[in-house]
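> Mind having a look at this structure? Questions to follow.
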Amino acid sequence: MRGLGRLVLAAVLLFLIGPFIIICLAGLSAGETLAFPPQGLSLRWVARVFEVQSFRSAFWLSIWLGFGATLGALLLGIPAAYALERYDVPGRQVVRNIVSAPIVVPGLIVGLALLRHLVIPAGIPVTLALFIGHTALLVPYAVRIVSASLQNLRVDMEEAAVLLGASRAGAFFRVVLPNIRNGIVAAFIIGFVTSFNQVPVSLFLSGPGVSTLPIDMMFYMEFNYDPSIAALSGLLALMSFAIVLVAERLLGLSRYV
Amino acid sequence: MFERRGIGLALMLPATVFIAFGFILPVLILLAGSVQVGGAWSLGHFVEFFSSPLNRDVFWRTFRLGLLVTGVSAVLGYAVALAIVDSSPSAKGRLVGLIVLPLMISPVARTYAWVVILGRTGFLNVALTGIGLTDEPIRILFTETAVFIGLIQLFFPLMVLPLVSALENLPADVVPAARVLGASWFTIFRKIILPLTREGLVVGGTLVFVGSLTAYVTPAILGGSRVLMLETLLYQRVAVANDYASASVIAVILIVMSIATSVLLKRLATARGER
């Protein structure tokens, strides 16, 4: 039985990872159309990715959106998680349900709802709606990860600090925050990657000129069959790989996923 | 725990208000649109939606693919999780890392890789015609099979991770004890491993099933307009036909199905656990 298990494991890993190797190679093709095995190796399509104007602007929008939404989710989520873990407030369960609501609603519906019932009636700019949608999406992650970190931190530490004369806020900033730092960093990385890769929430909120990178890729591949999307996909895969590697080295990210 | 409730409330307020007004309210207004026809309450949109054979097809396809992806992920998931738990501690960390890695990579990149593999001039067809198994390239892209393959790759890790942690929490000597007493491998799995890891299975199963129901990118790229799922149908109804009534009906179906699955499976796990 053990041998069979190993075999299945190897096959599954090949199935999970193999496509990324293939897409990296397809992106290095010298040919005009998408093909694997590649027709000769060259960096021309990799170079082309950096020349396409819409990819460039979409990339920067995705980067800023990822940082902004993650920061927003943490600024909202850390105090909420702290209150949920440390204060005996009536209606705690209701608040917990409200802040985890974004998990149960499919992203496409969120995007459509924001477009129809926020952007259009309230005249909110799309970029702000993108920010609201992405932040809402990330709040549940932020609350959950920070809550888990707080549960691992003994309450006595704060109480000791307060008994020794620190204020509540002082104890929070000087004792609690440094101790849950790893959880916050993990939440930041997971939040950024989630926002950066997000498609459904952004789909309805994108248009010409305002589009995140994955959305722009999807629009581009509808009308083009050249290897540039393969090259860009390969670059994104390598970027995620680098982020995971660094995060794993820094704080053992797999414990938080 | 701490006495001053006012501070606690104040700390929760920003997140609660933001989610309530920036998220829940717009979604509720959208959902309300499904039960209103011309300003009056009515289930007319639902009747209309399900009277179309195309829509019914899409509904059942979504449900069927969700079940299939969950079932296959569960079977493969146990095999993989058992093999991982069985390996040395240093290899274990690396294997879990490899399983998790795809989760961090853009779903668009992940799915596009399958276009390169499954397309008409893709890797698989080149290989198949190369060895002479077929003369004509076979159509895999834009079929349910392609969507199924893409969904498995996307959601399989979400099944394995909870199973690995459930298996690690098994009491160390129950399996060897059963083996000493002469139980077959299948009996051990059915009578010991399955009941004791049921919670992990339910967590993974919920994530995979709900994920498959509500996936957008994979069906859009690998299924196109031939293999519509509920989410791709929703997008099409709005983007192509400006049909918000159908869109809100699909939204209600998806949300109800997701919540029902989560609640039902959670019930199932705890009910069995109490025995």
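> What would the Debye equation give as log₁₀ I(q)/I(0) for the protein assembly as shown at q = 0.08, 0.11 Å⁻¹, counting only Cα atoms as equal point scatterers?
-0.57, -1.08
> Right, here's the next one. Order B:227-236, A:20-29 from most to least packed using the mean count of other Cβ atoms within 10 Å.
In descending order of packing, they fall as B:227-236, A:20-29.
> What total accessible surface area, summed over both chains, is buried at the interface between chains B and A, computed with a 1.4 Å probe and given in Å² to the nearest 100?
For B against A, buried area totals roughly 7300 Å².
> For chain B, set up a GNM with springs between Cα atoms under 10 Å and report which of B:58, B:256, B:202 has the largest fluctuation.
It is B:256.
> Under DSSP H, which helices of chain A have Cα atoms covering 27 Å or more of the helix axis and a Kyte-Doolittle average no less than 0.0?
A:2-27, A:53-86, A:126-152, A:228-251
> What's the extension gain from residue A:93 to residue A:177 if we count 0.36 nm per residue and subtract their Cα-Cα distance?
Here the answer is 27.8 nm.
> Per residue, what volume in Å³ does the Cα convex hull of chain A take up?
So the per-residue Cα hull volume is 187 Å³.
> Follow-up. Roughly how much of residue A:141 is accessible, in Å² to the nearest 10, using a 1.4 Å probe?
That residue has around 90 Å² of solvent-accessible surface.
> Compute, for residue B:266, the solvent-accessible surface of its heavy atoms (probe 1.4 Å) with the complete set of protein chains present, and express it in square angstrom to the nearest 10.
Counting only protein heavy atoms, residue B:266 exposes about 140 Å² to solvent.
> To continue, here is another question. Peptide A:111-124: average number of partner chain Cβ atoms within 10 Å per residue?
So the per-residue partner count for this stretch is 4.
> Please list, ordered by chain and number, the residues whose modelled amide H lies under 5 Å from the amide H of residue A:210; skip anything fewer than 5 residues away on the same chain.
Amide H neighbours of residue A:210, under 5 Å, 5+ apart: none.
> Sticking with this structure for a sec: First measure r as the distance between the Cβ atoms of residue B:134 and residue B:5, then evaluate 1/(1 + (r/R0)^6) with R0 = 56 Å and state the FRET efficiency to the nearest 0.05.
0.20
> How large is the helix-only mean residue ellipticity at 222 nm for the protein assembly as shown, computed as the sum of -39500 (n - 2.57) over DSSP H runs with n ≥ 4, divided by its residue count, in deg cm²/dmol to the nearest 500?
It comes out at -23500 deg cm²/dmol, rounded to the nearest 500.
> Can you give the net charge of the other residues whose Cβ lies under 14 Å from the Cβ of residue B:66, counting K and R as +1 and D and E as -1?
So the environment of residue B:66 carries a net charge of 0.
> Oh, and also: What does the average come to when, for each residue of peptide B:83-89, you count the partner chain Cβ atoms lying within 10 Å of its Cβ?
3
> For region B:71-185, what is the Kirkwood estimate of the hydrodynamic radius, computed as the reciprocal of the mean inverse distance between distinct Cα atoms, to one decimal in Å?
Its Kirkwood hydrodynamic radius stands at 16.9 Å.
> What is the spin-label model distance, in nm, from residue B:239 to residue B:165 if the labels are put 7 Å beyond Cα along the C-beta direction?
Here the answer is 3.5 nm between the modelled labels.
> Quick one: which residues, 5+ away or cross-chain, put their amide H under 5 Å from the amide H of residue B:37? H built at 1.01 Å from N.
B:42
> I'd like the distance between the alpha-carbon centres of region B:28-70 and region A:59-121, rounded to an integer number of Å.
Between the Cα centre of region B:28-70 and that of region A:59-121, the gap is 27 Å.
> For A:190-201, what's the mean count of beta carbons from other chains sitting within 10 Å of each residue's beta carbon?
Shielding by partners across A:190-201 averages 3.
> So for region B:47-274, what percent of the C-alpha to C-alpha distances run longer than 28 Å?
43
> Taking only Cα atoms and a 10 Å spring cutoff, compute GNM fluctuations for chain B and point out the largest among B:238, B:217, B:17.
Result for chain B, Cα springs under 10 Å: B:17 fluctuates most.
> What order, most packed first, do the peptides B:244-251, A:55-62, B:39-46 have when packing is the mean number of other Cβ atoms within 10 Å of each residue?
B:244-251, A:55-62, B:39-46
> Find the relative contact order for chain A and round it to a whole percent, using C-alpha pairs within less than 8 Å whose residues are 6+ positions apart.
Once normalised by length, the contact order is 32 percent.
> Using only Cα atoms, locate the centre of region B:116-153 and the centre of region A:179-218, then give the distance between them in Å, rounded to an integer.
When both Cα centres are located, 31 Å separates them.
> Under 8 Å for C-alpha pairs, at least 6 residues apart: give me the relative contact order for region B:1-156, rounded to a whole percent.
Relative CO of region B:1-156 lands at 15 percent.
> In sequence order, what are the phi-derived ³J(HN,Hα) couplings for region B:56-72 according to the Karplus relation 6.51 cos²θ - 1.76 cosθ + 1.60 with θ = phi - 60°, rounded to whole Hz, with x for glycine and proline?
4, 4, 4, 4, 5, 4, 4, 5, 5, 5, x, 4, 4, 4, 5, x, 5
> When ranked by the protection proxy of mean other Cβ atoms within 10 Å per residue, highest first, what sequence do the peptides B:193-199, B:170-176 form?
B:193-199, B:170-176
> Between residue B:47 and residue B:183, what is the spin-label point distance in nm, taking each point 7 Å from the Cα along the Cα→C-beta axis?
Here the answer is 5.5 nm between the modelled labels.
> As an exercise, use a Förster radius of 30 Å and the Cβ-Cβ distance of residue A:67 and residue A:224 to find the FRET efficiency, rounded to the nearest 0.05.
Working from the Cβ atoms, E equals 0.55.
> If you don't mind, there's one more thing I want to ask. Say we join alpha carbon atoms closer than 10 Å with springs in a Gaussian network model of chain B; which of B:111, B:187, B:16 then has the biggest fluctuation?
Per the Cα network of chain B with a 10 Å cutoff, B:16 tops the list.
> Residue A:154 to residue B:260: FRET efficiency via 1/(1 + (r/R0)^6), r the Cβ-Cβ distance, R0 41 Å, to the nearest 0.05?
It comes out at approximately 0.60.
> As a test question: what accessible area, to the nearest 10 Å², does residue A:63 have when a 1.4 Å probe is rolled over all protein chains in place?
Result for residue A:63: roughly 30 Å² accessible.
The values are calculated or read from the model by the stated rules, or taken from the named source; none is laboratory data. A quick note: this is a predicted structure, and the numbers were derived from the prediction, not measured. Glycine gets a Cβ as well: all are built from the backbone with ideal geometry, and neighbour counts include every protein chain shown. Only protein heavy atoms, including side chains, enter the accessible area calculation; ligands, DNA and RNA are left aside. Shrake-Rupley method; radii C 1.70, N 1.55, O 1.52, S 1.80 Å.
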